[in-house]
Amino acid sequence: MAELNSDEPFIDTNKLIFGIGQVQQITGVSGRQLRYWESQNYISPIDQKKGVSRQYSLHTLFLIFHINRFIQQGFTLQAAVDHAKEFDAQIPALRQFLKKQLKGVEISDDQTVIDFGYFNAQRTKRVYGVIDRNGQTFFEIRDVK
């Protein structure tokens, strides 16, 4: 299994910037909706020069995606924003956990196995996340040899 643990980011996500047209294409949210969400302070474009079209950060793109996802699930706009922001607040903890625990991924024809490292302080067992060929997911705890 290839080691994934590194303190260096794969890519500087602050440099990933999307124009309003790209955001509309990616998320399916209209420009009109985006401008309304901005007027309500639910989202913010990147500070820009006068005469330049709106641009959004990757972080805002994900927020827009999640707001829209919750709306499609039947939530009101305000509830969708609240849920999206709650989810957004959980991301740093998930990122930190995965950064420290993710040890590697092994892909074969019939399954993908994700190594989450040791299960216990004694280092006698490891935890693996498995995705089988049907897309089913589950955990396995294996003895260390």
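Residue check: is Gln122 closer than 26 Å to Phe62 by Cα, of a type outside the set (Ser, Thr, Tyr) and loosely packed, with under 13 Cβ neighbours inside 10 Å? I'd like the intermediate steps shown before the answer.
Values: closer than 26 Å to Phe62 by Cα: no; of a type outside the set (Ser, Thr, Tyr): yes; loosely packed, with under 13 Cβ neighbours inside 10 Å: yes.
No: the conditions fail for Gln122.
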Filter the range 130-145 for residues that are loosely packed, with under 10 Cβ neighbours inside 10 Å and in contact with a strand residue (DSSP E or B) (Cβ under 8 Å, 6 or more places away or on another chain); the one that is farthest from Ile107 (Cα to Cα) is Asp143
Which numbered condition in (1) assigned by TED's automatic domain parsing to the domain that holds Thr60; (2) modelled with pLDDT of 95 or more is the only one that Val127 fails? (1)
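Select from the range 77-127 the residues that are touching a residue at least 60 places away in the same chain (Cβ under 8 Å) and either in contact with a Pro (Cβ under 6 Å, 6 or more places away or on another chain) or of a type in the set (D, E, K, R) (or both) and list them in ascending order.
Kept after step one, since they are touching a residue at least 60 places away in the same chain (Cβ under 8 Å), are these residues of the range 77-127: 99-100, 102-106, 113, 115.
The answer is Lys99, Lys100, Lys103, Glu106, Asp115.
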Restricting to the range 128-142, name every residue that is in contact (Cβ under 8 Å) with a residue 12 or more places away in the chain and of a type in the set (Phe, Trp, Tyr). Tyr128, Phe139
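The values are calculated or read from the model by the stated rules, or taken from the named source; none is laboratory data. Remember, predicted model here, so these are calculated numbers, not experimental data. When we count neighbours, we look across all protein chains shown, and the Cβ atoms used for this are built from the backbone with ideal geometry, even at glycine.
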